[in-house]
Amino acid sequence: MRVFIALSTLMAVCWYRGDLQPLPSLFLGTIASAVAETDDNGWGRSKSVLLSLLCFVAAAAAVIHLFNWPLPFVAALALAAFASTLLGALGERYASIGQATVTLAIYTMIAMDQHRDAGTDAAWRDVAQMLAGAAWYGALSILWTVMFANRPVRERLARLFAELGRYLQLKADLFEPVRHGDLEARRLALAEQNVRVVEALNAAKAAILSRFGRSGRPGVQSGLYFRLYYMAQDFHERASSSHYPYEALSEAFFHSDVLYRCRRLLSLQGGACMTLGEAIRLRQPFDYGERNRQAGQDLEHSLQYLRDQHNPHWQRLLGSLQLLATNLSSIARQLSEASLADTPLEGIDTRLRDSSPHTLREMATRLRQALTPGSLLFRHGVRIAVALIIGYAVLKLVHPSNGYWILLTVVFVCRPNFGATRLRLVQRIGGTLFGLGATWALMQLFPGTTLQLLLALAAALLFFVTRTDRYVIATAAITTMALLCFNLLGDGFVLIWPRLLDTLIGCAIAAAASLLILPDWQGRRLHRVMAQVVATSTRYLDEVLGQYRSGMRDDLPYRIARRDMHNADVALSVALSNTLLGYLSALGAHRAQAAVSDDPRVAHAWQCLQQALAGLSTALAERRSAPAAEVDEIALADALEQLPEDIDDKSRLVRTQLAL
């Protein structure tokens, strides 16, 4: 909506004045400012807009003054690209500003190229128009942020519960009692969805921090958002729990309806989470629903029927199913009590970890850490800088006229690793081809200026709607917008073939750079990622053990350990760590004070597991073989699974999960 208001206002002003010449530059400046935008509060957004405009002015001035001096120009371009990439170490805000600054600098090069014979005055005029468009969008975004301060938080929370709902429904598929089912494919889909859930959790936390700070003292207005965020965290932990191998459950209860009951309740709760997300987005009341409550009662009745059979072979499995039912009951209780009325939070540790740097010292430390060859940002910055130097040399040698789209393509296509670059390359070429074809057809079918202006506006809006998750469509849209705008100056048809050639050359350079210049092969750093997963698992296990000793409390250290483990697991994604995450999540979901220290087998197992995880993490990080086990793990697991008849449910859970 902000982009539509900004662009349509600029279009109306130019139309009213009868001068459409400034429109392409105004549109490009607006787009650069919108690309630099990140979620923030009013004051933070004001600082971001001011910093963006200062960077835009500095970049444009450097381009204009150095444009006719190739060696200083390309050196400054490479240095600026490297520096803007390193700004990503300071957070999303600075990364977006850096990328937008490089983009606007290339727009300025295109303006200089078009006005090569008219001197620098025409280029300065275009730059002033781009800055005016950027300033107009910046002012509008500040006003929008002040007027609708909490809307981004609601949207992030709505997306979070929608992703959680999909996760629960995918989890439900694991409980389908079929023999020889494709569990691996379902686990893969679940792991991929877990990545999206963790990303949504991090995005929601960032939105809450940007609005309400990191003091951990939410007021009446913000208490609802904190409560919903903590509820989502608890749902994720419970949904991630694994209590027993699903194959064993399916085999044991193949002729019972209990797994169907579990599957149905999980699926219904997933739908309820999606409904809650929609209610948050629309600010409507939420009702858990009688059908969901009945499904929970049906599951409990089914479990009670199986317990009444007194089958000794089912004892351990029924205990695991009961723990699953407890998890689902907790989710059901919180959903049924979910209220969209703002009430203060009392007795809850509401602090959130803010990992963004806030002082010059913290920023300098982050930048020093990024200035090492092992840093992904450093390697990507070097790659971008060298690719731009090569692109500049190619356009000077092969394609000096209208060739600066090569540099723009390099910036947009070259990604931190080769896999992402290859995907972006295919998307960019496909989107450009589609956009050029669509633009040619539109200019033939609608030669009138009015319709072309409206089509350019629609294409710009489509770009912003699709640029994060449908890059092919976004590329086609921005290509269409650019060519329709330049067609107002009489250059539309002339630029079609040069734009295609520039895209192909830029994609080839970006692919070669990702492949040859400090390549980041995922396999070569897999040991580090795995070591991080095991290390965070160890810290998570320590926090869980502490709460079994002192009692359940959802405090900041526990939430940090839990979130770090989920983030590390996402980095490894579908690898074997997901199994470990599930078993530890089950311990975390059911944590409560228990006499674990009084059970020598449990205490010994805790100690052995912590030592094994720490040793494995160190070995992975140093690329050594895993250390030999100091105890017989099979014998230890068998000893844990020898459960006394009078053991309580909490001790049964701890023993079962440690054995797994």
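Placing one equal scatterer on every Cα of segment 429-485 and applying the Debye formula, the log10 ratio I(q)/I(0) at q = 0.30 Å⁻¹ is -1.15.
Arranged from highest to lowest average of other beta-carbon atoms within 10 Å per residue, in what order do the peptides 21-32, 301-312 appear? Don't skip to the end; give the middle numbers.
On the way: 21-32: 24.5, 301-312: 12.3.
By packing density, highest mean first, the sequence is 21-32, 301-312.
Based on the Stokes-Einstein relation at 25 °C and a viscosity of 0.890 mPa s, and on the Kirkwood radius from alpha carbon pairs, segment 372-520 is assigned a translational diffusion coefficient of 155 µm²/s. Toward the positive end of the charge dipole of segment 243-291, with +1 on the Cβ of Lys and Arg and -1 on the Cβ of Asp and Glu, the farthest Cα among Met274, Val258, Gln284 is that of Gln284. Seen from Arg383, the other residues with C-beta closer than 13 Å to its C-beta sum to a net charge of +1, counting Lys and Arg as +1 and Asp and Glu as -1. Treating each Cα of segment 12-98 as an identical point scatterer and summing with the Debye formula, the log10 of I(q)/I(0) at q = 0.10, 0.15, 0.18 Å⁻¹ comes to -0.35, -0.71, -0.91.
Would you kindly calculate the translational diffusion coefficient of segment 110-212, applying Stokes-Einstein with the Kirkwood radius from alpha carbon pairs, for 10 °C and a viscosity of 1.306 mPa s, and quote it in µm² s⁻¹ without decimals? Answer from the Stokes-Einstein relation: 87 µm²/s. In segment 151-336, the inverse of the mean reciprocal separation of distinct Cα atoms equals 17.4 Å; this is its Kirkwood hydrodynamic radius. Ellipsoid fit via the Cα gyration tensor, segment 47-112: semi-axes of 21, 13, 8 Å, each the root of five times an eigenvalue, largest first.
Got a sec? How would Val386, Val258 order by Cβ neighbour count within 10 Å, fewest to most?
Working: Val386 20, Val258 24.
The order, fewest Cβ neighbours first, is Val386, Val258.
Every number in this text was worked out from the coordinates using simple rules, so none of it is lab data. Keep in mind that this is a model prediction, so the values were computed, not measured. For neighbour counting, all protein chains shown are included, and Cβ atoms are generated from backbone atoms with ideal geometry for every residue, glycine included.
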